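See below for the structure under consideration.
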Amino acid sequence: MGLRERKKEKTRLALMDAALDLFLEQGYETTTIEQIAGSADVSSRTFFRYFTSKEHLVLGHHDEIQAILLDTLRLRPPEEPPFQAVCAALRAVLREVEQSTPEDRERFLKGRRLMEDNPMLMGKAIGRMAETERLAVDEVARRQGSDPRVDQLPHLVVAFAMSAMRIGYECEHRDVADMRELTERVESAIALAERCLRPGWDLTG
């Protein structure tokens, strides 16, 4: 990135850090955009150059996750079984999260804690993920040459795979502070789902 782009990214991250800390300290609803901007030493007008709202700041990473998942799924070998292809796409998301900077990993964990404490935000996040699942269903159906309006298989494949990822996240301890531990839990859940589809349902291997 050039100097201007680096300055813009620095401001964006400063706003995210200020917001997440304030949300966790004093609550999402009671924190104002003016407080966030002031904590980051910028104006409220500057805040809106980067985010449309507090919700956009917290949930914007879903757009990145969706892009990684769908792009990976589109590039998987056409002969690959659909469930295996979706799991590979989920693992690409995990790699992106795990390989991010320590600061980004800390932001991710703070965001998780914030959503767990705020049912409204969690509901919004679930809604975002439902849209991602719908797009993934469309892509699986396209790969198979089927119509998702009548073919149930793409829906079942995506629902099973995404449920495994959710279970991995939701079964964590609330005080988890290590991103590697979190991604290992998700990977373990995905691997368990894969074993469930093997002949004989071998859940111990």
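The values are calculated or read from the model by the stated rules, or taken from the named source; none is laboratory data. Here the structure is a predicted model, which means the values were calculated and not measured. Positions of Cβ are backbone-derived with ideal geometry, glycine not excepted, and every protein chain shown enters the neighbour counts. Ligands, DNA and RNA are stripped out before the accessible areas are found, and what is left, the full protein with its side chains, is counted by its heavy atoms. Shrake-Rupley method; radii C 1.70, N 1.55, O 1.52, S 1.80 Å.
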Could you provide, to the nearest whole Å², the per residue accessible area of the chain with probe 1.4 Å?
57 Å²
May I ask you to list the trypsin sites (Lys or Arg not before Pro) in the stretch 84-176 that are in a DSSP loop and have at most 11 other Cβ atoms within 10 Å of their Cβ?
R149, R174
Checking the cross-link filter: which lysines have an alpha carbon closer than 25 Å to that of K7, excluding same-chain neighbours under 8 positions apart?
K54, K110
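Expressed in nm to one decimal, what extension gain is obtained for the pair R4 and Q26 from 0.36 nm per residue of sequence separation less their Cα-Cα distance?
Numbers: separation 22, 0.36 × 22 = 7.92 nm, distance 3.29 nm.
Stretched fully, the R4-Q26 segment lengthens by 4.6 nm.
Please report, ordered by residue number, every helix of the chain (full DSSP H runs) that is 18 Å or longer along its axis going by C-alpha atoms and whose mean Kyte-Doolittle hydropathy reaches -0.5.
The qualifying helices are 61-75, 82-98, 119-144, 153-170, 179-196.
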With every protein chain present, what accessible area does C196 have (1.4 Å probe, heavy atoms only), rounded to the nearest 10 Å²?
20 Å²
Taking a virtual spin label 7 Å from the Cα of R95 along the C-beta vector, which residues in the stretch 42-73 bring their backbone nitrogen under 17 Å of it?
65-73
Could you work out, for the chain, what percent of all Cα-Cα pairs fall into each 10 Å distance bin, beginning at 0 Å and stopping at the bin that holds the largest distance?
8, 30, 32, 20, 8, 1, 0
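Using a probe of 1.4 angstrom, how much of the accessible area of the stretch 1-110 is carbon and sulfur, in percent?
Details: 3150 of 6230 Å².
Ligands and nucleic acids excluded, carbon and sulfur give 51 percent.
Count charges around I36 for me, please; just the other residues with Cβ under 15 Å from its Cβ, Lys/Arg as +1, Asp/Glu as -1. Present the calculation step by step, with values, prior to reporting the outcome.
Values: positive: R12, R45, R49, K54, R107, K110; negative: D17, D21, E25, E29, E34, D41, E55.
Counting the neighbours of I36, the net charge comes to -1.
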